[in-house]
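Worksheet for the structure shown next.
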Amino acid sequence: MNPILATESLFYEADQQMILQDITITIDSASHVTITGPSGSGKSTLLKLLASLLTPTKGKIMFEGTDSLAVPVEEYRMAVSYCFQQPSLFGDTVKDNFLFPYQIRKKSFDDQHAIELLDDMQLKPDYLNKPINELSGGEKQRVALIRNVLFLPKVLLLDEVTAGLDQQSKEIVNQWLAALNREKKVTLIRVTHDTQEIAGAQKLIQLKDRQVIADESRSK
């Protein structure tokens, strides 16, 4: 069986500076992978390359055995969804943000599905019509994450999504992500500095000086 994502001798250069060099990793379907390393080691850049937000200078990214460049960008981004560290919400209400994934698929909005996901994130049904300027930082991040899974992706890329959250919000998000991985078989690839999140990884990839220095699987 092909891994869901793999990189082959991946290089990325920007402004005549090498950011990543010779990155070769494999990500199995339904796994939970954590990428760690010091600041400036290329973690977020690797995640953005996997998300097709950046294009490699050299090397390949394979998605389900196919060169990712051969997959239409919109189709790829529906399957491999990227979550930013700082949630970017738009419009006036939570519902405005939830409508977007339906609009790009030309589908009718499913209120009940959205309310069920709000409940999973410990947010009440009336949050659907809550103004986004009334949300706390933790609530904004939860809303942004729900927006990414209204249509379930195969892979969720998480760029330090719990950084700066209070402990309660962090626990809610991490429990929700664990259930998504365990029950829905969504592949999680997360960049984090959090020691608890690192400890919970099934597979740990460590970057340093633009390269992979460790790639180890752990027991579930």
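Bear in mind these aren't lab numbers, they're just calculated from the coordinates by the rules spelled out. Here the structure is a predicted model, which means the values were calculated and not measured. All Cβ positions, even for glycine, are placed from backbone atoms using ideal geometry, and neighbour counts span all protein chains on display.
Which ones in segment 29-76 are acidic (D, E) and farther than 11 Å from V155 by Cβ? Reasoning before the result, please.
So the first thing to find is which residues in segment 29-76 are acidic (D, E), and the list is 64, 67, 74-75.
Within segment 29-76, D67, E74, E75 meet the criteria.
If you check G59, G91, which single one turns out to be in contact (Cβ under 8 Å) with a residue 40 or more places away in the chain, closer than 19 Å to L150 by Cα and not in a helix (DSSP H, G or I)?
The conditions single out G91.
Within segment 50-77, can you find the residues that are more than 12 Å from the chain's Cα centre (by Cα) and hydrophobic (A, V, I, L, M, F, W, C)?
Result: L53, L54, I61, M62, F63, L69, A70, V71, V73.
Say whether the condition of being in contact (Cβ under 8 Å) with a residue 40 or more places away in the chain and of a type in the set (A, V, I, L, M, F, W, C) is met by at least one residue in segment 117-127.
Yes, some residue in segment 117-127 is in contact (Cβ under 8 Å) with a residue 40 or more places away in the chain and of a type in the set (A, V, I, L, M, F, W, C).
Matching residues to (1) closer than 22 Å to R190 by Cα; (2) not in a helix (DSSP H, G or I):
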{"site": "L69", "(1), (2)": "no, no"}
{"site": "E75", "(1), (2)": "yes, no"}
{"site": "Q85", "(1), (2)": "yes, yes"}
{"site": "L99", "(1), (2)": "no, no"}
{"site": "Q103", "(1), (2)": "no, no"}
{"site": "K106", "(1), (2)": "no, yes"}
{"site": "F109", "(1), (2)": "no, yes"}
{"site": "Q141", "(1), (2)": "yes, no"}
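Count, please, the residues in segment 104-142 that happen to be of a type in the set (G, A, S) and surrounded by 14 or more Cβ atoms within 10 Å (Cβ to Cβ).
2
Could you tell me how many of the residues in segment 44-56 are free of Cβ contacts under 8 Å to residues at least 60 places away in the same chain, closer than 26 Å to Q141 by Cβ and not in a helix (DSSP H, G or I)?
Total satisfying the criteria: 3.
Quickly run through segment 128-139 and pick out the residues that are touching a Lys or Arg at 6+ places or on another chain (Cβ under 9 Å) and either assigned to a helix (DSSP H, G or I) or not hydrophobic (A, V, I, L, M, F, W, C) (or both).
Selection gives L128, N129, K130, I132, G138, E139.
Quick one: is L54 under 29 Å from D209 (Cα atoms), in contact with a helix residue (DSSP H, G or I) (Cβ under 9 Å, 6 or more places away or on another chain) and surrounded by fewer than 19 Cβ atoms within 10 Å (Cβ to Cβ)?
Against the criterion (under 29 Å from D209 (Cα atoms), in contact with a helix residue (DSSP H, G or I) (Cβ under 9 Å, 6 or more places away or on another chain) and surrounded by fewer than 19 Cβ atoms within 10 Å (Cβ to Cβ)), L54 qualifies.
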